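In what follows, a single structure is set out as structure tokens and then discussed.
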Amino acid sequence: MSDHTPYIADPPRRVPSAEELRARIPGWGSDLAPADRPSVPKLSREAGSATGAHWDLPPQQDGAHGRERSIEHAHVTPVFGTAQPLHGVAGIVRRYAYRRFSEGRLAHWMLLVVGDRLDVATHRVTDALRGRPDRLISETGVAAERGHHPVASRLGSSRSDWRHQVLDPVVANWGWLAALGAVVLVVRRVRRSR
């Protein structure tokens, strides 16, 4: 049995030398010489440059005041996205999440999700008021499955989405359902007051 036989009960305790490994394994140690290592310029840092960055601090992007940042950080990152500035009730909820809770807390992320859902509900209502309401049935994907055996393809198969198929229309349209429930409650209250 040789020194490099795998899966033996009592492996050898002797560590092979670099020359033995180089002779036994083609290409072993080819990156040991610093001249042959492409990462050497990245790894060799001059004194005083602990990170390897060639700047002291990048210039701050305009508009940093009022931007949301995690409470773990002293300031906003030098560059940040501005595609969707916060607005409305969803913006208030998101600002509260950043101002009050650490990113390590579940409350921070749940408030961000609530803010996102409020943003979706707000846009659905404004789209409906502008005469462009959502297409409730087609957006759930139910119409796309018509004619393609929607029930038979789920039963007796390993597809995981059959479990939540009944809930998909509710999840996709909860805003409309909540608005409908509010209208029903208002109508009932008005009828009772007469």
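If you check Val93 against the conditions, is it outside the structural domain of Ala182 (by TED's automatic domain parsing), of a type in the set (A, V, I, L, M, F, W, C) and in contact (Cβ under 8 Å) with a residue 40 or more places away in the chain? In short, no.
Among the residues of segment 117-143, those that are touching a helix residue (DSSP H, G or I) at 6+ places or on another chain (Cβ under 8 Å), among the hydrophobic types (A, V, I, L, M, F, W, C) and farther than 22 Å from Gln165 by Cβ comprise Leu118, Ala121, Val125. Exactly one residue among Arg163, Arg192 is basic (Lys, Arg), assigned to a helix (DSSP H, G or I) and exposed (fewer than 11 other Cβ atoms within 10 Å of the Cβ), and that residue is Arg192. Scanning segment 66-80 for residues that are surrounded by 12 or more Cβ atoms within 10 Å (Cβ to Cβ) and of a type outside the set (A, V, I, L, M, F, W, C) gives Arg67, Glu68, Arg69, Ser70, Thr77, Pro78. Please verify whether Arg159 is farther than 24 Å from Val114 by Cα and under 26 Å from the mean Cα position of the chain (by Cα), treating the condition exactly as stated. Here the answer is yes, as Arg159 does meet what is asked. Applying the criterion of being polar (S, T, N, Q) and either modelled with pLDDT of 80 or more or assigned by TED's automatic domain parsing to the domain that holds Val120 (or both) to the residues of segment 47-81, the residue that is farthest from Leu118 (Cα to Cα) is Gln60. Only a single criterion out of (1) under 30 Å from Ala182 (Cα atoms); (2) at pLDDT below 75 is not satisfied by Ile92, namely (2). Number of residues in segment 91-123 that are of a type in the set (S, T, N, Q) and either part of a loop (DSSP other than H, G, I, E, B) or in contact with an Asp or Glu (Cβ under 9 Å, 6 or more places away or on another chain) (or both): the value is 1. Within segment 8-46, if we keep just the residues that are hydrophobic (A, V, I, L, M, F, W, C), out of contact with any helix residue (DSSP H, G or I) (no Cβ under 9 Å at 6 or more places or on another chain) and modelled with pLDDT of 75 or more, the residue that is nearest to Ala83 (Cα to Cα) turns out to be Ala33.
Within segment 95-106, at least one residue is of a type in the set (D, E, K, R), under 18 Å from the mean Cα position of the chain (by Cα) and surrounded by fewer than 14 Cβ atoms within 10 Å (Cβ to Cβ).
The values are calculated or read from the model by the stated rules, or taken from the named source; none is laboratory data. Since the structure is predicted, the reported quantities are computational estimates derived from the model, not experimental observations. Quick reminder, even Gly has a Cβ in these numbers, built from the backbone with ideal geometry, and neighbours come from all protein chains shown.
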